[in-house]
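Here, each number is a calculation from the coordinates, and none is a lab measurement. The structure presented is a predicted model; accordingly, all values stated were derived computationally and were not measured. Cβ placement follows ideal geometry from the backbone for every residue including glycine, while neighbour counts extend to all protein chains displayed.
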Amino acid sequence: MRKTISVLSFAVTFIVFPTVAQSPHINAGTGLQAGAAAVKITPYGSNPDWKRPITESGVWGEKFVDANHNGRWDEGEPFTADPGNAQIDPKSANRYAGIYLAGFGDNRMATGMHDDLWARALVVESGTTKIAIVSLDLIGYTQDGGYFGLEFAKKWVDPNLGIQEVLLTCTHDHEGPDTIGACGRHTLGVPAPLKA
């Protein structure tokens, strides 16, 4: 996720298009410029930025033994703990940290992928003001989760880019990862693979 935000920040800054029309609120000669970028954020399959476990179904997360052959991890089934999860969130040590789907009930584990999830960004600049608007294909995102969230992500934006504000919004996707911790096995706890 860190690299995704960095890539978006750089891409939207360097893909700059002048506008066709001038606004009366823009100082003469400064113009309005905008740039856009999109990056896949699907926690599925191989990815050069993901150095941690991938389940047999291709979903990012801890590997497990599917003893009852239902295609998902169930309480009591053995799993291989990812030590990286405990580094991010010590409470996840010795707890299965798979990716649960948001909405339409609790305890729905991701077992594959139908469509990619995206992070899309638009940076708008006028004079000395530059803002970034970012939309994530997720159910929601937190402002400040300590080791994740918008305030943490803002720290990854290169200050040399001159972005003063970041507005983050989500599409509220009910078939994507539960990034707010409301629909997993242990609700109100974001899975560690989604915090990294």
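The label-point distance for Lys40 and Val124, in a model that sets each label 7 Å from Cα toward Cβ, rounds to 3.0 nm.
Among 45-52, 177-184, the peptide with the highest mean count of other Cβ atoms within 10 Å heads the list, and the full ranking is 177-184, 45-52. In this structure, the amide hydrogen of Thr169, modeled 1.01 Å from its nitrogen in the peptide plane, lies closer than 5 angstrom to those of Val134, Ser135, Leu136, counting only residues at least 5 positions away or on a different chain. Applying the Karplus relation 6.51 cos²θ - 1.76 cosθ + 1.60 with θ = phi - 60° to region 172-182 yields 3J(HN,Hα) values of 6, 6, 8, 10, x, x, 7, 8, 10, x, 9 Hz, where x marks Gly and Pro. In this label model, Ser57 and Asn70 are separated by 1.2 nm, measuring between points 7 Å along each Cα→Cβ vector.
A full extension of the chain between Lys154 and Ala81 corresponds to an added length of 23.3 nm, given 0.36 nm per residue minus the alpha carbon distance. The alpha-carbon of Lys51 sits under 15 angstrom from the alpha-carbons of these aspartates and glutamates, leaving out residues fewer than 8 places away in its chain: Glu62, Asp82. Treating r as the C-beta distance of Gln33 and Met113 and R0 as 45 Å, the FRET efficiency rounds to 0.80.
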